[in-house]
Amino acid sequence: MNEKDILILAVESSCDETAAAVVRNGREVLSNIISSQIELHKLYGGVVPEIASRKHIEKINQVIREALETAAVTLDDLDAVAVTYGPGLVGALLVGVAEAKAISYAKKLPLVGVHHIEGHISANYIENKELEPPFLCLVVSGGHTHLVMVKDYGVYEILGRTRDDAAGEAFDKVARAIGLGYPGGPKIDKLSAEGNPEAIRFPKAKIPDAPYDFSFSGLKSAVLNYLNGCRMKGEEIVPADVAASFQKAVVDVLVEHAILAAKELGTDKLAIAGGVASNGTLRRTMEKACAREGIAFYHPSPILCTDNAAMIGAAAYYEFRNGVRHGLDLNAVPNLKLGER
(Lines give C-alpha, C1' and ligand atoms only; values in the text may rest on other atoms or scores of the structure.)
Protein backbone atom coordinates (compact mmCIF):
# COMPACT_ATOMS: atom_id res chain seq x y z
CA MET A 1 0.00 0.00 0.00
CA ASN A 2 1.24 3.49 -0.74
CA GLU A 3 0.82 6.20 1.89
CA LYS A 4 -2.26 7.70 0.25
CA ASP A 5 -4.29 4.48 0.55
CA ILE A 6 -7.26 4.56 2.91
CA LEU A 7 -8.16 1.18 4.41
CA ILE A 8 -11.61 0.90 6.01
CA LEU A 9 -13.19 -1.95 7.96
CA ALA A 10 -16.95 -1.81 7.34
CA VAL A 11 -19.72 -3.50 9.33
CA GLU A 12 -23.34 -4.06 8.21
CA SER A 13 -26.12 -5.51 10.39
CA SER A 14 -29.26 -3.57 9.47
CA CYS A 15 -31.54 -6.56 8.81
CA ASP A 16 -30.78 -10.27 8.48
CA GLU A 17 -27.23 -10.33 7.12
CA THR A 18 -24.21 -10.01 9.41
CA ALA A 19 -21.44 -8.66 7.21
CA ALA A 20 -17.92 -7.25 7.40
CA ALA A 21 -15.57 -6.07 4.67
CA VAL A 22 -12.21 -4.43 4.19
CA VAL A 23 -12.23 -1.83 1.41
CA ARG A 24 -9.28 0.14 0.04
CA ASN A 25 -9.85 3.63 -1.39
CA GLY A 26 -13.60 3.10 -1.72
CA ARG A 27 -13.49 0.89 -4.78
CA GLU A 28 -11.17 -2.03 -4.11
CA VAL A 29 -12.73 -4.79 -2.02
CA LEU A 30 -10.10 -6.85 -0.17
CA SER A 31 -12.72 -8.98 1.58
CA ASN A 32 -16.51 -9.15 1.77
CA ILE A 33 -17.85 -11.67 4.29
CA ILE A 34 -21.62 -12.21 4.64
CA SER A 35 -23.39 -14.48 7.10
CA SER A 36 -27.02 -14.75 5.93
CA GLN A 37 -29.96 -15.67 8.15
CA ILE A 38 -32.41 -16.39 5.30
CA GLU A 39 -32.76 -20.11 6.07
CA LEU A 40 -33.64 -19.29 9.67
CA HIS A 41 -36.29 -16.66 8.85
CA LYS A 42 -37.86 -18.84 6.12
CA LEU A 43 -39.49 -20.81 8.94
CA TYR A 44 -41.49 -17.69 9.89
CA GLY A 45 -42.21 -16.33 6.40
CA GLY A 46 -40.20 -13.14 7.04
CA VAL A 47 -37.57 -11.55 9.24
CA VAL A 48 -38.17 -11.84 13.00
CA PRO A 49 -36.35 -8.83 14.54
CA GLU A 50 -35.47 -10.45 17.90
CA ILE A 51 -34.01 -13.54 16.24
CA ALA A 52 -32.07 -11.35 13.78
CA SER A 53 -30.51 -9.37 16.65
CA ARG A 54 -29.47 -12.51 18.53
CA LYS A 55 -27.87 -14.02 15.42
CA HIS A 56 -25.93 -10.81 14.76
CA ILE A 57 -24.47 -11.01 18.28
CA GLU A 58 -23.41 -14.62 17.65
CA LYS A 59 -21.84 -13.95 14.26
CA ILE A 60 -20.37 -10.45 14.30
CA ASN A 61 -16.94 -11.18 15.81
CA GLN A 62 -16.61 -14.17 13.52
CA VAL A 63 -17.31 -12.26 10.28
CA ILE A 64 -14.99 -9.39 11.28
CA ARG A 65 -12.17 -11.81 12.08
CA GLU A 66 -12.72 -13.56 8.73
CA ALA A 67 -12.83 -10.24 6.84
CA LEU A 68 -9.48 -9.17 8.34
CA GLU A 69 -7.88 -12.57 7.68
CA THR A 70 -9.13 -12.71 4.07
CA ALA A 71 -7.83 -9.19 3.42
CA ALA A 72 -4.50 -10.12 5.12
CA VAL A 73 -4.64 -7.06 7.39
CA THR A 74 -4.94 -6.43 11.13
CA LEU A 75 -6.84 -3.77 13.07
CA ASP A 76 -3.54 -1.86 13.29
CA ASP A 77 -3.47 -1.43 9.49
CA LEU A 78 -6.84 0.34 9.36
CA ASP A 79 -7.47 4.05 8.81
CA ALA A 80 -11.11 3.99 9.96
CA VAL A 81 -14.00 1.77 10.96
CA ALA A 82 -17.41 2.25 9.33
CA VAL A 83 -20.86 0.96 10.23
CA THR A 84 -24.47 1.15 9.05
CA TYR A 85 -26.40 3.13 11.66
CA GLY A 86 -29.74 3.40 9.86
CA PRO A 87 -32.28 2.80 8.53
CA GLY A 88 -33.09 -0.76 9.57
CA LEU A 89 -34.21 -2.90 12.50
CA VAL A 90 -33.16 -1.08 15.67
CA GLY A 91 -31.94 -4.17 17.54
CA ALA A 92 -29.98 -5.42 14.55
CA LEU A 93 -28.42 -2.01 13.89
CA LEU A 94 -27.37 -1.66 17.54
CA VAL A 95 -25.23 -4.81 17.35
CA GLY A 96 -23.15 -3.42 14.49
CA VAL A 97 -22.97 0.09 15.95
CA ALA A 98 -21.80 -1.21 19.37
CA GLU A 99 -19.16 -3.40 17.71
CA ALA A 100 -17.81 -0.60 15.51
CA LYS A 101 -17.70 1.81 18.46
CA ALA A 102 -15.78 -0.75 20.54
CA ILE A 103 -13.16 -1.20 17.78
CA SER A 104 -12.96 2.58 17.26
CA TYR A 105 -12.42 3.16 20.99
CA ALA A 106 -9.94 0.32 21.51
CA LYS A 107 -7.80 1.15 18.48
CA LYS A 108 -8.33 4.95 18.48
CA LEU A 109 -9.69 4.76 14.94
CA PRO A 110 -12.00 7.35 13.35
CA LEU A 111 -15.63 6.16 13.31
CA VAL A 112 -17.80 6.74 10.24
CA GLY A 113 -21.56 6.04 10.43
CA VAL A 114 -23.07 5.22 7.05
CA HIS A 115 -26.65 5.46 5.75
CA HIS A 116 -27.76 2.04 4.48
CA ILE A 117 -29.25 3.44 1.24
CA GLU A 118 -26.08 5.43 0.57
CA GLY A 119 -24.30 2.09 0.84
CA HIS A 120 -26.55 0.50 -1.78
CA ILE A 121 -25.98 3.43 -4.16
CA SER A 122 -22.20 3.24 -3.56
CA ALA A 123 -22.13 -0.47 -4.46
CA ASN A 124 -22.10 0.79 -8.06
CA TYR A 125 -18.64 2.31 -7.56
CA ILE A 126 -17.00 -1.04 -6.78
CA GLU A 127 -17.27 -2.66 -10.22
CA ASN A 128 -17.81 0.48 -12.31
CA LYS A 129 -14.52 2.27 -11.70
CA GLU A 130 -15.41 4.98 -14.22
CA LEU A 131 -18.73 5.90 -12.58
CA GLU A 132 -18.68 9.28 -10.85
CA PRO A 133 -21.46 11.67 -9.81
CA PRO A 134 -23.68 13.21 -11.00
CA PHE A 135 -25.96 10.31 -11.96
CA LEU A 136 -29.49 9.06 -11.33
CA CYS A 137 -30.00 5.97 -9.16
CA LEU A 138 -33.09 3.81 -8.69
CA VAL A 139 -32.91 2.15 -5.26
CA VAL A 140 -35.24 -0.85 -4.97
CA SER A 141 -35.22 -3.09 -1.91
CA GLY A 142 -37.47 -4.78 0.64
CA GLY A 143 -37.86 -1.57 2.60
CA HIS A 144 -37.21 1.20 0.07
CA THR A 145 -38.11 2.35 -3.42
CA HIS A 146 -36.35 5.66 -4.10
CA LEU A 147 -35.41 7.58 -7.23
CA VAL A 148 -32.32 9.54 -6.20
CA MET A 149 -30.19 12.14 -7.96
CA VAL A 150 -26.61 11.60 -6.81
CA LYS A 151 -25.30 15.16 -7.16
CA ASP A 152 -21.89 14.44 -5.64
CA TYR A 153 -20.32 11.96 -3.25
CA GLY A 154 -22.52 12.13 -0.16
CA VAL A 155 -24.92 14.67 -1.73
CA TYR A 156 -28.35 13.32 -2.66
CA GLU A 157 -31.70 14.62 -3.80
CA ILE A 158 -34.69 12.26 -3.52
CA LEU A 159 -36.84 12.84 -6.61
CA GLY A 160 -39.40 10.13 -5.96
CA ARG A 161 -40.30 7.50 -3.39
CA THR A 162 -43.03 4.96 -2.73
CA ARG A 163 -46.18 6.27 -1.09
CA ASP A 164 -46.89 2.90 0.53
CA ASP A 165 -45.26 -0.53 0.00
CA ALA A 166 -41.69 -0.81 -1.21
CA ALA A 167 -41.27 -2.91 -4.36
CA GLY A 168 -39.48 -5.70 -2.47
CA GLU A 169 -42.22 -5.74 0.16
CA ALA A 170 -44.85 -6.20 -2.58
CA PHE A 171 -42.79 -9.08 -4.02
CA ASP A 172 -42.73 -10.80 -0.62
CA LYS A 173 -46.48 -10.37 -0.03
CA VAL A 174 -47.46 -11.61 -3.49
CA ALA A 175 -45.05 -14.55 -3.22
CA ARG A 176 -46.71 -15.54 0.05
CA ALA A 177 -50.18 -15.25 -1.54
CA ILE A 178 -49.29 -17.65 -4.38
CA GLY A 179 -47.61 -20.08 -1.99
CA LEU A 180 -43.96 -19.46 -2.84
CA GLY A 181 -42.78 -18.51 0.64
CA TYR A 182 -39.90 -16.25 1.70
CA PRO A 183 -37.83 -14.54 0.29
CA GLY A 184 -40.34 -13.54 -2.37
CA GLY A 185 -38.24 -11.58 -4.88
CA PRO A 186 -35.90 -14.35 -6.13
CA LYS A 187 -38.73 -16.91 -6.12
CA ILE A 188 -41.07 -14.73 -8.21
CA ASP A 189 -38.21 -13.88 -10.60
CA LYS A 190 -37.49 -17.59 -11.10
CA LEU A 191 -41.14 -18.67 -11.49
CA SER A 192 -41.86 -15.76 -13.88
CA ALA A 193 -39.55 -17.31 -16.47
CA GLU A 194 -42.16 -20.09 -16.89
CA GLY A 195 -45.16 -17.74 -17.11
CA ASN A 196 -46.77 -15.34 -19.57
CA PRO A 197 -46.31 -11.70 -18.45
CA GLU A 198 -49.27 -10.67 -20.66
CA ALA A 199 -51.67 -13.24 -19.15
CA ILE A 200 -53.24 -10.88 -16.59
CA ARG A 201 -53.42 -7.08 -16.80
CA PHE A 202 -52.60 -5.75 -13.36
CA PRO A 203 -52.82 -1.97 -12.68
CA LYS A 204 -49.83 0.38 -12.80
CA ALA A 205 -50.27 3.27 -10.37
CA LYS A 206 -49.58 6.83 -11.49
CA ILE A 207 -49.60 9.72 -9.05
CA PRO A 208 -50.73 12.86 -10.95
CA ASP A 209 -48.90 15.52 -8.89
CA ALA A 210 -45.73 13.43 -8.41
CA PRO A 211 -44.64 11.68 -11.64
CA TYR A 212 -41.53 10.15 -10.01
CA ASP A 213 -43.33 8.66 -6.98
CA PHE A 214 -44.36 5.02 -6.75
CA SER A 215 -47.29 3.11 -5.25
CA PHE A 216 -47.47 -0.67 -5.05
CA SER A 217 -50.25 -1.33 -2.51
CA GLY A 218 -52.97 -1.15 -5.21
CA LEU A 219 -51.10 -3.63 -7.38
CA LYS A 220 -50.65 -5.97 -4.41
CA SER A 221 -54.40 -5.73 -3.65
CA ALA A 222 -55.24 -6.37 -7.31
CA VAL A 223 -53.21 -9.61 -7.24
CA LEU A 224 -54.90 -10.74 -4.01
CA ASN A 225 -58.35 -9.88 -5.42
CA TYR A 226 -57.56 -11.81 -8.62
CA LEU A 227 -56.53 -14.88 -6.60
CA ASN A 228 -59.62 -14.66 -4.36
CA GLY A 229 -61.88 -14.21 -7.40
CA CYS A 230 -60.44 -17.30 -9.09
CA ARG A 231 -60.92 -19.37 -5.94
CA MET A 232 -64.50 -18.21 -5.47
CA LYS A 233 -65.40 -18.99 -9.11
CA GLY A 234 -63.46 -22.26 -9.12
CA GLU A 235 -61.21 -21.01 -11.93
CA GLU A 236 -57.69 -22.36 -12.41
CA ILE A 237 -54.83 -20.27 -11.02
CA VAL A 238 -51.57 -20.51 -12.94
CA PRO A 239 -48.96 -19.30 -10.40
CA ALA A 240 -46.29 -18.71 -13.10
CA ASP A 241 -48.65 -16.41 -15.05
CA VAL A 242 -49.61 -14.51 -11.88
CA ALA A 243 -45.93 -14.08 -10.95
CA ALA A 244 -44.90 -12.99 -14.45
CA SER A 245 -47.81 -10.55 -14.84
CA PHE A 246 -47.25 -9.05 -11.39
CA GLN A 247 -43.50 -8.72 -11.98
CA LYS A 248 -44.11 -7.03 -15.35
CA ALA A 249 -46.39 -4.45 -13.71
CA VAL A 250 -43.71 -3.63 -11.09
CA VAL A 251 -40.80 -3.56 -13.54
CA ASP A 252 -42.65 -1.44 -16.12
CA VAL A 253 -43.40 1.26 -13.53
CA LEU A 254 -39.84 1.26 -12.15
CA VAL A 255 -38.31 1.56 -15.61
CA GLU A 256 -40.81 4.16 -16.91
CA HIS A 257 -40.29 6.46 -13.92
CA ALA A 258 -36.49 6.15 -13.98
CA ILE A 259 -36.25 6.82 -17.73
CA LEU A 260 -38.70 9.74 -17.48
CA ALA A 261 -36.59 11.32 -14.71
CA ALA A 262 -33.34 10.77 -16.62
CA LYS A 263 -34.73 12.42 -19.75
CA GLU A 264 -36.35 15.35 -17.94
CA LEU A 265 -33.21 16.03 -15.88
CA GLY A 266 -30.94 15.55 -18.90
CA THR A 267 -28.69 12.97 -17.23
CA ASP A 268 -27.02 10.30 -19.38
CA LYS A 269 -26.07 7.99 -16.48
CA LEU A 270 -28.54 5.73 -14.68
CA ALA A 271 -27.74 3.16 -11.98
CA ILE A 272 -29.85 0.68 -10.03
CA ALA A 273 -29.20 -0.56 -6.49
CA GLY A 274 -30.76 -2.57 -3.65
CA GLY A 275 -31.92 -6.18 -3.32
CA VAL A 276 -34.52 -5.98 -6.11
CA ALA A 277 -31.80 -4.64 -8.46
CA SER A 278 -30.63 -8.26 -8.77
CA ASN A 279 -33.98 -9.12 -10.44
CA GLY A 280 -33.16 -10.41 -13.93
CA THR A 281 -36.26 -8.95 -15.63
CA LEU A 282 -35.65 -5.50 -14.14
CA ARG A 283 -32.00 -5.52 -15.25
CA ARG A 284 -32.81 -6.62 -18.81
CA THR A 285 -35.74 -4.23 -19.22
CA MET A 286 -33.77 -1.26 -17.84
CA GLU A 287 -30.77 -2.12 -20.02
CA LYS A 288 -32.93 -2.12 -23.17
CA ALA A 289 -34.66 1.14 -22.21
CA CYS A 290 -31.34 2.86 -21.48
CA ALA A 291 -29.85 1.64 -24.78
CA ARG A 292 -32.90 3.00 -26.63
CA GLU A 293 -32.49 6.42 -24.99
CA GLY A 294 -28.67 6.60 -25.20
CA ILE A 295 -28.25 6.43 -21.41
CA ALA A 296 -25.30 4.61 -19.83
CA PHE A 297 -26.62 1.88 -17.50
CA TYR A 298 -24.83 0.74 -14.33
CA HIS A 299 -25.66 -2.05 -11.90
CA PRO A 300 -23.77 -3.98 -9.21
CA SER A 301 -23.33 -7.78 -9.34
CA PRO A 302 -26.15 -9.59 -7.47
CA ILE A 303 -23.93 -10.25 -4.42
CA LEU A 304 -23.43 -6.47 -4.08
CA CYS A 305 -27.18 -5.76 -4.48
CA THR A 306 -28.19 -7.64 -1.33
CA ASP A 307 -27.06 -6.32 2.05
CA ASN A 308 -23.27 -6.48 2.36
CA ALA A 309 -20.46 -4.56 4.03
CA ALA A 310 -18.38 -3.82 0.92
CA MET A 311 -20.96 -1.24 -0.17
CA ILE A 312 -20.79 0.34 3.31
CA GLY A 313 -16.99 0.55 3.00
CA ALA A 314 -17.34 2.21 -0.42
CA ALA A 315 -19.77 4.83 0.92
CA ALA A 316 -17.65 5.35 4.06
CA TYR A 317 -14.54 6.16 2.04
CA TYR A 318 -16.21 9.17 0.42
CA GLU A 319 -17.77 10.28 3.72
CA PHE A 320 -14.35 9.92 5.38
CA ARG A 321 -12.78 11.97 2.59
CA ASN A 322 -15.49 14.62 3.09
CA GLY A 323 -14.48 14.90 6.76
CA VAL A 324 -17.41 12.98 8.27
CA ARG A 325 -16.55 11.58 11.72
CA HIS A 326 -18.85 10.26 14.41
CA GLY A 327 -18.30 10.17 18.15
CA LEU A 328 -18.87 7.33 20.57
CA ASP A 329 -22.38 8.72 21.09
CA LEU A 330 -23.34 7.39 17.62
CA ASN A 331 -26.67 5.60 17.93
CA ALA A 332 -28.83 3.40 15.73
CA VAL A 333 -31.48 5.43 13.87
CA PRO A 334 -34.06 2.98 12.46
CA ASN A 335 -35.87 5.62 10.36
CA LEU A 336 -32.83 7.59 9.21
CA LYS A 337 -33.56 9.70 6.13
CA LEU A 338 -31.13 9.85 3.21
CA GLY A 339 -28.98 12.98 3.46
CA GLU A 340 -29.40 13.32 7.24
CA ARG A 341 -26.30 13.46 9.41
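Given the criteria in the same structural domain as residue 282 (by TED's automatic domain parsing), modelled with pLDDT under 95 and β-branched (Val, Ile, Thr), does residue 150 qualify? In short, no. Which one is surrounded by the fewest Cβ atoms within 10 Å (Cβ to Cβ) among residues in the range 266-283 that are under 16 Å from residue 148 (Cα atoms) and in contact with a His (Cβ under 8 Å, 6 or more places away or on another chain)? Applying the filter and picking the extreme gives 271. Report, by residue number, each residue of the range 284-311 that is in contact (Cβ under 8 Å) with a residue 60 or more places away in the chain and either charged (D, E, K, R) or loosely packed, with under 15 Cβ neighbours inside 10 Å (or both). Within the range 284-311, 301, 303, 307 qualify.
Within the range 173-196, the set of residues being over 14 Å from residue 46 (Cα atoms) and either assigned by TED's automatic domain parsing to the domain that holds residue 45 or assigned to a loop (DSSP other than H, G, I, E, B) (or both) comprises 178, 193, 194, 195, 196. Picking from 8, 34, 60, which residue would you name as being under 30 Å from residue 180 (Cα atoms) and of a type in the set (A, V, I, L, M, F, W, C)? The match here is 34. Checked against (1) crowded, with 22+ Cβ neighbours inside 10 Å; (2) free of Cβ contacts under 8 Å to residues at least 12 places away in the same chain, residue 95 meets all criteria but (2). Determine, yes or no, whether residue 262 is outside the structural domain of residue 190 (by TED's automatic domain parsing) and surrounded by 15 or more Cβ atoms within 10 Å (Cβ to Cβ). Spelling it out, it is not the case that residue 262 is outside the structural domain of residue 190 (by TED's automatic domain parsing) and surrounded by 15 or more Cβ atoms within 10 Å (Cβ to Cβ). Tell me, please, whether a residue that is touching a Cys at 6+ places or on another chain (Cβ under 8 Å), in contact (Cβ under 8 Å) with a residue 24 or more places away in the chain and buried (at least 22 other Cβ atoms within 10 Å of the Cβ) can be found in the range 160-167. Checked the range 160-167: no residue is touching a Cys at 6+ places or on another chain (Cβ under 8 Å), in contact (Cβ under 8 Å) with a residue 24 or more places away in the chain and buried (at least 22 other Cβ atoms within 10 Å of the Cβ). As for the range 244-256, it holds at least one residue that is touching a strand residue (DSSP E or B) at 6+ places or on another chain (Cβ under 7 Å), in the same structural domain as residue 151 (by TED's automatic domain parsing) and surrounded by 14 or more Cβ atoms within 10 Å (Cβ to Cβ).
Table: residues versus (1) under 28 Å from residue 44 (Cβ atoms); (2) charged (D, E, K, R); (3) surrounded by 14 or more Cβ atoms within 10 Å (Cβ to Cβ).
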position: 171; (1), (2), (3): yes, no, yes
position: 201; (1), (2), (3): no, yes, no
position: 205; (1), (2), (3): no, no, yes
position: 209; (1), (2), (3): no, yes, no
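Residues in the range 37-54 that are among the small types (Gly, Ala, Ser) and farther than 12 Å from residue 183 by Cα: 52, 53. Here residue 142 clears all of (1) of a type in the set (Gly, Ala, Ser); (2) more than 25 Å from residue 97 (Cβ to Cβ); (3) in a loop (DSSP other than H, G, I, E, B) except the condition numbered (2).
Every condition in (1) within 24 Å of the chain's Cα centre (by Cα); (2) modelled with pLDDT under 95; (3) charged (D, E, K, R) is met by residue 269 except one, and the failing one is (2). Does the range 218-233 include one or more residues that are part of a helix (DSSP H, G or I), free of Cβ contacts under 8 Å to residues at least 40 places away in the same chain and within 21 Å of residue 189 (Cβ to Cβ)? Within the range 218-233 (the criterion being part of a helix (DSSP H, G or I), free of Cβ contacts under 8 Å to residues at least 40 places away in the same chain and within 21 Å of residue 189 (Cβ to Cβ)), the answer is yes, since at least one residue qualifies.
The values are calculated or read from the model by the stated rules, or taken from the named source; none is laboratory data. If you're wondering where the values come from, they're calculated on a predicted model, not measured in any experiment. Note that each Cβ is placed from the backbone with ideal geometry, even for glycine, and that neighbours are counted across all protein chains shown.
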